[in-house]
Each structure stands twice: as structure tokens, then as C-alpha cells.
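Visitor: Encoded as C-alpha cells, here's the structure I'll be asking about.
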Amino acid sequence: MANNDELQRCIDILRHGGLIVAPSDTVYGLICDATNENAVKKLISVKNRPWGKPISVFTDGFNMIDTLVKTSDKEAILRTLLPGPFTIILPSKNKVCGLLESERNTLGIRLPIHKWINDLVHAYSKPLTATSANISGKSPHYEAQGFIDELSAEKKKLIDLVIDFGKLPRNKPSTIVDLSGETLQLLRQGDILPSAKHSYTSTSASETKKLGLYIAEKYSSLGIDKPVVFIVEGEMGAGKTVLAQGIGRYLGVANIISPTYVVYYEYKTHHESIRTFLHADLYNIENVDEFSHLGLEEYLKKGTVICIEWGNKAGPLFDSIKKTSHIVSIEILYKTETVRSITIKEIKE
Amino acid sequence: MNILAIDTSCDETAAAVTVGRKILSNVIYSQVLLHKKWGGVVPSLAKRAHEERIDDVIDQAIKSAHVAWKDIDAIAVTQGPGLAIALGVGIDKATELSHQYKKPLIGINHLEGHLYSAFAQNRNGNPKIEMKFPYLGMIISGGHTEFVLWKNHLEYELLGATLDDAAGEALDKAGKLLGLGYPAGAVIERLAEQAHNVDEYHFPRPMLRSGDLNFSFAGLKTSFYYFLKTISEEEKNKRLLYLASAFQEAVFDTICKKTEKAMEQTGVVNLVIGGGVTANKYLRKKMRKLTKKHKGTVHFPSIKILTGDNAAMIGIAAWKKAEKGYFLDSIDREPRMQISSLANSK
């Protein structure tokens, strides 16, 4: 994504305390060096942001996160959620500009699934501000130009560079999860709502689909060396195919329909490392003997993502899948007509 | 031109010989009995069964057409959509025969075949229905629910499709929930008829307000499932006829209302409908009533064997491609192939 010249130019600007409008996993963001007080002040004035309101930071991994905040016993849940569209609030170690922290001395941490941002933070090796590119109180932007148009001529001069990725997919701003207290608290709801470790709440089919997209982003990189198998369980009508459509969307497959009638559909993807998406539905399978006839094992190859609905029937298949693949188990529980509780666990040996 | 056609898109092993719209032979070896036991199509079973039967089915198609290999001018085969490994069996066989007998190869979209089914003729050229484009085409089956603007031979535009479950699949799933076995469409039709097709439950009609021509039957299935949970097993058995009838009505009513919308949007009032669910007489009746209201016409496959998967429809769909010389050197299977005019490019 980011070529070296562009990356170097960004780094030079950041080093000199400049501001960059850049794409992210959610909306367009306004980026500067989070350890440079002058740069942060400039950012606050461009955004018209009231002083004292905290601003979260982009990091490049858990090592950097450890230097910035006290993770203590929250390490496990932190690792379940990140990377992802979340801002995690934890007690600050005061390594960034104090204007970014809250009055309670906490700091919001982002570790997005977004190659461009990840590459930049990694190359710069310091945290960068992760605030949406908009005037405080106004809605965030999915197109860079929208933000630029909003600025006065004087403020436009303060922007050193605009990285324009065109129109971003309409993902909501990140879900803000406060882990600084005893229990997990949601401060702002984005597209994905964690309710406990490994658990999420979906309040609509569209959120279930976005959750599918999120887990596909999160686990597909594992597919480079081994197949990734999502085993989805849930009653009829829980939203299993909807979740599979989200996984497909990440892989660039748009036309996913129920495979019940034919047991499985094979799709060619539009993804750089995952070539094949197999969407299976074992609903019609009743006997254990049938699994030897299924032929699914033939698909257990690297570069393949497989989503198996009614995975609880995959019992006999499970052992051969386990030997060859990364398995992520997903359980969808019906709460009310629209609300589902979704548990996602990576199964490790 | 005599065309040998092969279809192995799902659970039928089928071969046929056609000339133009005329069917000289149409052989189908159904795996439904084999699959009935499993409650659905099982892919590798389908593959193995196709492999075991395909040579016999092709031989029989040639024999009962009273032609010899030298009389065959081209070989047509279903490229998709369908079950990947099942499609592969037909494509491999067609390719092999094409090399062996030096016959050109034609790739056909299974859905094109379902549309052409309505114009199939017997050896003597009956029925003589003139094809008057454009048509509003529909495929309603266990695996498909689609609207196609059929502008002319080889010219299609997909107008809408199911976003999740197919209509026939919804009926099969409801049937399974009612304990009716697989496939359940015909049983539901019979039960509903005994209940005089009344709708006493008013299950939701999904997507009617969506503004587009897509379908979604997953929500209907879900609401049916949760409704059945609220009543006792005894109640369910007592009310079986009425539950089947109300569910079928919800599916067909949705299809009819969407069809009406499609007629309004396209201005095309002449329908061509293919696919397994068109075997349902009550649906045919509803569709006839609908087209009458709009002063249009509706064509269905003339005989029952043509409503389901078969190879004659593939041969007929290949007719114009053969005339125009749209031949392929090799064919890739396309399990989720979409219908479009592009599918007809060389």
C-alpha cells in the first residue's frame, strides 16, 4: 500500500511536528507525533477540540502498548480485542504528550487492522494521534476532501499532507472500551460491541455481518501457512449465513447465498494471500458416515478460508481439520428477535 | 446442428441430444433417491455417482436419439452455477469427448437452460410457441430464485436474486421442520391444497419494501422456526395442513408481488419461468392470474421433466451459441456463475 517515498515523506513531516490527514480502518484521521507537544497543540486547534478532552493514539503492536499504558491483568482481553476497530482505555504511563490523556490519567490505545497505518507507525516507531479528521462536534469523514472543505483557509495551511484513499467503507468510528476500572465498560459504540472476553453483542444483521468482516480480517493472515476454518454454530435463523457473508466481504466475495441446497459453494476471492473461500452448510447432513464422502478435506490447503455452518455436526471432521488448520469457533446465541450474543474463540491445541 | 448436452450441476446426471429447440433424447439419472437418505445433496456422493453413471447416460442419450457420433456437431456442457466437484465431472467428460471425436465445445450457464426449457419442443417440433423477446425470466428452484431480463437470444441482464435462501430451499426447510422429509415441496403443495391454500398465520413477506428485485427467504424461515417453538408438538401435528399452506402462501405471495414490481419496472409483462418449483400447480395458477391482470403471457416448461435439472435445456440453450460459433477450447467450472450476456462471449 504505502510506497517507500510516501512513507518517508510522512515520517519527515511527523518528525517536524506536522499534521497529516490519513485513512484508517474506520474514518479519515488527523495524525501527528503523539509525543510532540507543539504538534498536538496544532492538532487541537485545527479540530477546535475543547482542551482537556483526551485523544487516543495509534500503536504498532503490544510492545509499544506496554510502554504506553499499564496493562497488568488486562493483557488477555487486550489481546482478544486487538488488533481491531477498538479504542482501549487503560492507565497511562505518561510517555505521550499530556494533552492526549484524560483527567483520570488514562490513555486510549488503538491497534487497527489497517496496513497503511500499521506500516507508518512501525516505521516511525512512536505512537501517532488517532483522532478523526473533523471539526469537534461535527460528523466524521469517509472522504478526505470533505474534511478539507470544512476548514478555513488559515487552518488548511496547518495541514501538511493529505493521503487520499478515496471513499472509505462506511465503518463507524471505533468502539471505545474502558478497561481502566474493575469491569469492561463501553463508552462509545462502533460497529463491533464486545460484551466480555471473547463475546460480542450484535443488535442487527448488519452488525453481525460487520463482525464477520472483522474476524475475517483478524484471522485470515493465519491462512498463509495453513487453512483457516471458521466453525459456526447456532440455531436455524441465528444469522450464520449473514456472518459468512461478512467473512466473504472481507475476501472480496460479494454474492454469497445459502449453500444448504448443494452443501457447499466454492468461491474465488479477491484477496492477495487467500485464494479460495469455501462456504459449507452441514444442515442436511445427518449421519456420521457421510463425512467420509464429503470431500471437504480436499480443501484443507493453505491460502484457503473455510466457513462451516452447523459446525457442531462436524464432529468426525474435527480431528482432521485440527491437525491441518487454524480453527476459530463461533457460537451465535439468539437473545431476542434482533439481538444475538456471539462468542468467538481461536481453538489452540 | 445436433448437439450433445451434458449437465451435472447438482444431483442429476443428465445427457441429451437436441437440434435447435427440438429434443431428440433426454436422459436423466436422478440421485434423489440416493440422497433422500441423507436429507440433501452430499457432494462427494454426487461426484462418485456422476462418475459412475455418466458414460451410460451419454450412450443412452445418443442411442435413443437415433443418431451416431458422426451426426453430433457440438458438445455443450453446464459450466455453472452448481456444486463444484459435480460440475467438474460433466466438464471433464465433455472435454474428453470433444477431443476424442473432434467436436467443438460450448459452455452453458445452467440458468440459461432453465429459461430455454419453456420453449423446448418434441421431435416433431411441438408445441409451436413463437419466441417473442423481451421476456421477464424467472428461475425458481431449490438452489435459485432470480429475475432475468431476457432481451434476446444470448442477451441477459440479472435484475434480482435471493440474497440468502432460495425459494425451494425455504420450502424444503419448512418441510423438514414440519417433519415432511426431503424434498418437501411436493408434499407441502399437497397439504396446502387440502387446506384450500388458506393463509391463517400471515408469516412475514420479506423484502417487499426493499425497492429492488432481490429476495430474502432466510427471515421467513427464521420466523417460521421460532413460531413453531411457541406451539406444542400436538398442536403442530393438528395444524399441519394450515401451517404448510400458510408458509407456502408466504413464499408464493412474495414471489408474485416481486414479479408484479418487476413487470412495472421493466414494462415487460410476458414471463418465462423455469426451475423445480414451477412444478407446483398452485404457483402456476397464481402466475397465470397475475399475468392475465397485466395483459401479459406466461410460459412454463411444457412437461414435468423439464422443470427440474436436465440436459435437454442445456442443449437448447446452446443452439444459438452453436450457430454463432461461440466455441471454447477449455472450460472452467464456475460454481457461482451469474447469468449475464458476458457469459456468452467467446
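The values are calculated or read from the model by the stated rules, or taken from the named source; none is laboratory data. Bear in mind the structure is a predicted one, so any value in this text is a computation, not a measurement. So basically every Cβ, Gly included, is an ideal-geometry build from the backbone, and we count neighbours across all protein chains shown.
Visitor: Give the residues of segment A:10-35 that are surrounded by 17 or more Cβ atoms within 10 Å (Cβ to Cβ) and of a type in the set (D, E, K, R), sorted by residue number.
Guide: A:ASP25, A:ASP33
Visitor: Filter segment B:49-83 for residues that are within 14 Å of another protein chain (Cβ to nearest Cβ) and in contact with a helix residue (DSSP H, G or I) (Cβ under 8 Å, 6 or more places away or on another chain) and give the result. Before you say what the answer is, go through the steps one by one.
Guide: Here is the first cut: in segment B:49-83, the residues within 14 Å of another protein chain (Cβ to nearest Cβ) are B:49-52, B:78-83.
Within segment B:49-83, B:ALA49, B:HIS50, B:GLU51, B:THR78, B:GLN79, B:GLY80, B:PRO81, B:GLY82, B:LEU83 qualify.
Here's the yes/no breakdown for (1) of a type in the set (Lys, Arg); (2) closer than 22 Å to A:THR35 by Cα:
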residue	(1), (2)
A:ILE77	no, no
A:GLY98	no, yes
A:ARG104	yes, yes
A:ARG110	yes, yes
A:PHE147	no, no
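Visitor: For B:LEU213, indicate whether it is out of contact with any Lys or Arg (no Cβ under 8 Å at 6 or more places or on another chain), surrounded by 17 or more Cβ atoms within 10 Å (Cβ to Cβ) and not basic (Lys, Arg). Quick ask: steps written out before the conclusion?
Guide: Details: out of contact with any Lys or Arg (no Cβ under 8 Å at 6 or more places or on another chain): no; surrounded by 17 or more Cβ atoms within 10 Å (Cβ to Cβ): yes; not basic (Lys, Arg): yes.
Criteria not met by B:LEU213.
Visitor: Mind telling me which of the residues B:LEU306, B:LEU290, B:LEU283 ends up being without any contact (Cβ under 8 Å) to a residue 40 or more places away in the chain and away from chain A (no Cβ under 14 Å)?
Guide: Values: B:LEU306 fails: without any contact (Cβ under 8 Å) to a residue 40 or more places away in the chain; B:LEU283 fails: without any contact (Cβ under 8 Å) to a residue 40 or more places away in the chain.
Criteria check complete, one pass: B:LEU290.
Visitor: Quick one: which of B:ASP7, B:ASP56, B:ASP11 is buried (at least 21 other Cβ atoms within 10 Å of the Cβ) and at pLDDT 85 or above?
Guide: Details: B:ASP56 fails: buried (at least 21 other Cβ atoms within 10 Å of the Cβ); B:ASP11 fails: at pLDDT 85 or above.
The conditions single out B:ASP7.
Visitor: Within segment A:328-344, count every residue that is in contact with a Gly (Cβ under 9 Å, 6 or more places away or on another chain), of a type in the set (A, V, I, L, M) and surrounded by fewer than 18 Cβ atoms within 10 Å (Cβ to Cβ).
Guide: Residues in segment A:328-344 being in contact with a Gly (Cβ under 9 Å, 6 or more places away or on another chain), of a type in the set (A, V, I, L, M) and surrounded by fewer than 18 Cβ atoms within 10 Å (Cβ to Cβ): 1 in total.
Visitor: In segment A:215-259, which residues are in a helix (DSSP H, G or I), within 21 Å of B:THR145 (Cα to Cα) and of a type in the set (S, T, N, Q)?
Guide: A:THR241, A:GLN245
Visitor: Name the residue, out of A:ASN312, A:ASN255, A:ASN287, that is at pLDDT below 80, within 12 Å of chain B (Cβ to nearest Cβ) and either under 25 Å from the mean Cα position of the chain (by Cα) or more than 30 Å from B:MET337 (Cβ to Cβ) (or both). Steps first, answer last, please.
Guide: Working: A:ASN312 fails: within 12 Å of chain B (Cβ to nearest Cβ); A:ASN255 fails: at pLDDT below 80.
Selected residue: A:ASN287, the only one of A:ASN312, A:ASN255, A:ASN287 that is at pLDDT below 80, within 12 Å of chain B (Cβ to nearest Cβ) and either under 25 Å from the mean Cα position of the chain (by Cα) or more than 30 Å from B:MET337 (Cβ to Cβ) (or both).
Visitor: May I pose another question? Which of the residues spanning segment B:172-196 are of a type in the set (A, V, I, L, M, F, W, C), under 27 Å from A:TYR264 (Cβ atoms) and in a helix (DSSP H, G or I)? If you could, list the steps in order and put the result at the bottom.
Guide: To start, the set of residues in segment B:172-196 that are of a type in the set (A, V, I, L, M, F, W, C) comprises B:174, B:177-178, B:180, B:184, B:186-188, B:191-192, B:195.
From the residues that got through so far, the ones that are under 27 Å from A:TYR264 (Cβ atoms) too are B:174, B:177-178, B:180, B:184, B:186-188.
Listed by number, the residues that qualify are B:ALA174, B:LEU177, B:ALA186, B:VAL187, B:ILE188.
Visitor: Oh, and also: Might you check whether a residue that is at the interface with chain B (Cβ under 8 Å from one of its Cβ atoms), more than 20 Å from A:GLU297 (Cβ to Cβ) and over 20 Å from the mean Cα position of the chain (by Cα) occurs anywhere in segment A:260-267? Working first, answer last.
Guide: Of all residues in segment A:260-267, those at the interface with chain B (Cβ under 8 Å from one of its Cβ atoms) come to A:260-267.
Right, trim to more than 20 Å from A:GLU297 (Cβ to Cβ) and you get A:260-261.
Okay, now just the ones that are also over 20 Å from the mean Cα position of the chain (by Cα), so A:260-261.
The answer is yes, given that some residue of segment A:260-267 is at the interface with chain B (Cβ under 8 Å from one of its Cβ atoms), more than 20 Å from A:GLU297 (Cβ to Cβ) and over 20 Å from the mean Cα position of the chain (by Cα).
Visitor: Separate question: Which members of segment B:324-343 meet the condition of being outside any loop (DSSP other than H, G, I, E, B) and out of contact with any Gly (no Cβ under 9 Å at 6 or more places or on another chain)?
Guide: Going residue by residue through segment B:324-343, those that are outside any loop (DSSP other than H, G, I, E, B) are B:324, B:328, B:341-343.
B:LYS324, B:SER341, B:LEU342, listed by residue number.
Visitor: Can you go through B:GLU264, B:GLU169 and tell me which one is within 30 Å of B:ALA120 (Cα to Cα), assigned to a helix (DSSP H, G or I) and at pLDDT below 95?
Guide: On the way: B:GLU264 fails: at pLDDT below 95.
On inspection, the qualifying residue turns out to be B:GLU169.
Visitor: Follow-up question, since we're still on this one. Return the only residue of B:ILE62, B:ILE91, B:ILE108, B:ILE85 being touching a Ser or Thr at 6+ places or on another chain (Cβ under 9 Å), under 30 Å from B:GLY160 (Cα atoms), surrounded by fewer than 24 Cβ atoms within 10 Å (Cβ to Cβ) and at pLDDT 95 or above. Even if it seems obvious, please write down each step before you answer.
Guide: Working: B:ILE62 fails: under 30 Å from B:GLY160 (Cα atoms); B:ILE108 fails: surrounded by fewer than 24 Cβ atoms within 10 Å (Cβ to Cβ); B:ILE85 fails: at pLDDT 95 or above.
None of the other options fit; the residue is B:ILE91.
Visitor: Which ones in segment A:173-213 are surrounded by fewer than 17 Cβ atoms within 10 Å (Cβ to Cβ) and over 21 Å from A:LEU78 (Cβ atoms)?
Guide: Scanning segment A:173-213 gives A:THR203, A:SER204, A:SER206.
Visitor: Among the residues of segment A:61-75, is there at least one that is surrounded by 19 or more Cβ atoms within 10 Å (Cβ to Cβ), farther than 20 Å from A:LEU158 by Cα, of a type in the set (A, V, I, L, M) and within 19 Å of the chain's Cα centre (by Cα)?
Guide: Looking through segment A:61-75, at least one residue is surrounded by 19 or more Cβ atoms within 10 Å (Cβ to Cβ), farther than 20 Å from A:LEU158 by Cα, of a type in the set (A, V, I, L, M) and within 19 Å of the chain's Cα centre (by Cα).
Quick grid of which residues meet (1) of a type outside the set (A, V, I, L, M, F, W, C); (2) more than 23 Å from the chain's Cα centre (by Cα):
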| position | (1), (2) |
| --- | --- |
| B:GLN79 | yes, no |
| B:VAL89 | no, no |
| B:GLU96 | yes, yes |
| B:ILE108 | no, no |
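Visitor: Quick test for you: out of B:LYS257, B:LYS236, B:LYS295, pick the one residue that is part of a loop (DSSP other than H, G, I, E, B) and of a type in the set (Lys, Arg). Talk me through it step by step, then tell me what you get.
Guide: On the way: B:LYS257 fails: part of a loop (DSSP other than H, G, I, E, B); B:LYS236 fails: part of a loop (DSSP other than H, G, I, E, B).
That would be B:LYS295, the only listed residue that is part of a loop (DSSP other than H, G, I, E, B) and of a type in the set (Lys, Arg).
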